[in-house]
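Below is one structure; the comments refer to it alone.
The values are calculated or read from the model by the stated rules, or taken from the named source; none is laboratory data. These figures come from a predicted structure and were not determined experimentally. Using ideal geometry, Cβ is built from the backbone for each residue, glycine included, and neighbour counts are taken over all protein chains shown. Protein only, heavy atoms only, side chains kept; ligands, DNA and RNA dropped before computing areas. Shrake-Rupley method; radii C 1.70, N 1.55, O 1.52, S 1.80 Å.
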Amino acid sequence: MRRYDVAVVGGGPAGLAVAIHTTVRGLNTVVLERATLPADKACGEGLMPSGLAALERLGALAHLDRAECSPFVGIRYVQEDGSMAEGLLP
């Protein structure tokens, strides 16, 4: 039977960040996720500057293919009735 120091429940951004931090500190870590991955969902496909900084601190940014990335120039939220709110980003 394999034993772990840390069990992280949930493989979302927070859970994965915890798992990376505990593993880097030498703890034997397992991530438990009940959903089938990768998840096909509209949210979470973009990162704001603070998210990029967090990936850099975790050492994960180096694993992204920068040719597959592009900056956000704006954001738009659209409701089912067609109403929307949008704004440009600096």
Rounded to whole Hz, the Karplus (6.51, -1.76, 1.60) HN-Hα couplings of segment 75-90, x for glycine and proline: 9, 9, 10, 10, 8, 4, 7, x, 5, 8, 9, 8, x, 8, 9, x
Which of 14, 39, 54 fluctuates most in a GNM of the chain (C-alpha springs under 10 Å)? That residue is 39
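Using the beta-carbon distance between residue 21 and residue 88 and R0 = 35 Å, what value does 1/(1 + (r/R0)^6) give for FRET efficiency, to the nearest 0.05?
On the way: r = 35 Å, r/R0 = 0.99.
Efficiency, rounded to the nearest 0.05: 0.50.
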For segment 1-70, state which trypsin sites (Lys or Arg not before Pro) are in a DSSP loop and have at most 16 other beta carbons lying within 10 Å of their beta carbon. 2, 3, 25, 34, 41
I want to verify a result. In a Gaussian network model of the chain, Cα cutoff 10 Å, which of these has the top mean-square fluctuation: 56, 68, 33? 68
With +1 assigned to the C-beta of every Lys and Arg and -1 to the C-beta of every Asp and Glu, and no other charges, what is the dipole magnitude of the chain about the Cα centre in debye, to the nearest 20? 540 debye
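Looking at segment 6-88, send over the antiparallel percent of its DSSP beta bridges, to the nearest 5.
Numbers: 5 of 9 bridges.
Close to 55 percent.
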Of the candidates 48, 78, 62, the farthest towards the positive dipole end of segment 6-88 (Lys/Arg Cβ +1, Asp/Glu Cβ -1, centred on the Cα centre) is 62
On a 0 to 90 degree scale, rounded to 10, what angle separates helix 49-58 from the longest Cα axis of the chain? 20 degrees
Modelling each spin label as a point 7 Å along the Cα-to-Cβ direction, I'd like the residue 35/residue 52 distance in nm, to one decimal. 2.5 nm
Could you state the principal axis extents of the C-alpha atoms in the chain, from the largest down, to the nearest angstrom? 54, 29, 20
Summing -39500 (n - 2.57) over the DSSP H runs of n ≥ 4 in the chain and dividing by its residue number, what mean residue ellipticity at 222 nm do you reach, to the nearest 500 deg cm²/dmol? -7500 deg cm²/dmol
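Given a 1.4 angstrom probe, what's the average accessible area per residue across the chain, in square angstrom?
Details: 7790 Å² over 90 residues.
Roughly 87 Å² per residue, with all protein chains present.
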